[in-house]
Amino acid sequence: MTNILKLFSKSKKDSKHNQNFDSFSPTFEKGTVWIAGSGPGDVGLLTINVFNALKNADIIVYDALVNKEILDLANHKCEKVYAGKRGGKPSTKQKDICDILIKFAKSGKRVLRLKGGDPFVFGRGGEEAIALKRNNINFRIIPGITAGIGGMAYAGIPATHRETNYTITFVTGHASSGEIPDNICWKSLSAPSQVLVLYMALKHIDNITNKLINSGKDKNTPVAIVQNATMKNMKIQTGKLSELIEIAKNFEPPAIVVIGEVVNLQETLNWLK
Ligand code: SAH
């Protein structure tokens, strides 16, 4: 039994109210799909809703970024289907993923669609939910902690800090074409004091860095890259925007890139060090 399971069963017994964790969650009805976020990796960041879904699902259709330790929490009868999509590696087509969800739900299964982070943040959760809606399949969205917030917190970088930024912008470096999205206004992203958090940005980091600098972003803006955020093998490096292309050579996905003054707090707030 994993540590987290021991913890859950112990607290069930110890609780004054004999609280059952199932009672915190809605019932996972047959023939429905729960589109859920498993967080950035650390098992402890799972929500109780996802934990209960893992216990009650008949099928789990999971993405590449779901931590294996999380899948190990599933009930032993449940079938696990890999439906990962990773840049540059063989991946399941989005239409096929939707078809799988529809097929399993129509056969009366409780389907858990498990994704890394949050399903509605660069997670295609919306596309899958639309496909389910079109097929009259009931679904529930279970938010998860997105890498661009939880991952930064583990690296010691607050998403907002009153002395540095009142805004934060999440950007994907990778459109469905595989290229940088062509409708991004780089000039507005280059305004001082903003914090940018880039997902899926390593492949095109040269181009992205140059676009930001050419649009007026200060070359001395602090930057950080956080790979495998919240996991035991988390790796962080900080520097300046002018050094970002070089720094990125030491990293591979999954990684987030943070650009903004808030990165300066990392030296003080690096609580995991
Ligand atoms: N829905 C996810 C994002 C999926 S897109 C979320 O909300 O977090 C995949 C990208 O997310 C990766 O390329 C990387 O940029 C980021 N990412 C996901 N997990 C990460 C992790 N543990 N550490 C760093 N970046 C991560």
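The values are calculated or read from the model by the stated rules, or taken from the named source; none is laboratory data. Predicted model only: the values in this text are computed from it and were never measured. Virtual Cβ from ideal backbone geometry, glycine too; neighbours counted across all protein chains shown.
When Gly148, Gly144 are checked against the criterion of being within 23 Å of the chain's Cα centre (by Cα), within 14 Å of the ligand (Cβ to nearest atom) and either at positive phi or assigned to a loop (DSSP other than H, G, I, E, B) (or both), Gly144 stands alone in meeting it. Among the residues of region 169-203, those identified as touching a residue at least 40 places away in the same chain (Cβ under 8 Å) and polar (S, T, N, Q) are Thr172, Ser193, Gln194. Within region 137-164, work out how many residues are among the small types (Gly, Ala, Ser) and free of Cβ contacts under 8 Å to residues at least 24 places away in the same chain. Within region 137-164, residues that are among the small types (Gly, Ala, Ser) and free of Cβ contacts under 8 Å to residues at least 24 places away in the same chain number 1.
Take region 241-261 and flag every residue that is within 23 Å of Ser188 (Cα to Cα), more than 13 Å from the ligand (Cβ to nearest atom) and either at pLDDT below 95 or within 22 Å of the chain's Cα centre (by Cα) (or both).
Narrowing region 241-261 to residues within 23 Å of Ser188 (Cα to Cα): 241-245, 256-261.
Still in the list and also more than 13 Å from the ligand (Cβ to nearest atom): 241-245, 259-261.
Ile259, Gly260 - these are the residues of region 241-261 that are within 23 Å of Ser188 (Cα to Cα), more than 13 Å from the ligand (Cβ to nearest atom) and either at pLDDT below 95 or within 22 Å of the chain's Cα centre (by Cα) (or both).
Applying the criterion of being more than 17 Å from Ala159 (Cα to Cα) and within 11 Å of the ligand (Cβ to nearest atom) to the residues of region 206-231, the residue that is surrounded by the most Cβ atoms within 10 Å (Cβ to Cβ) is Asn228.
For Asp218, the conditions (1) under 20 Å from the mean Cα position of the chain (by Cα); (2) assigned to a loop (DSSP other than H, G, I, E, B); (3) not aromatic (Phe, Trp, Tyr) all hold with the exception of (1). Please go through (1) among the charged types (D, E, K, R); (2) at pLDDT 95 or above; (3) assigned to a loop (DSSP other than H, G, I, E, B) for Lys16 and return the number of the only condition it doesn't satisfy. The one condition Lys16 does not meet is (2).
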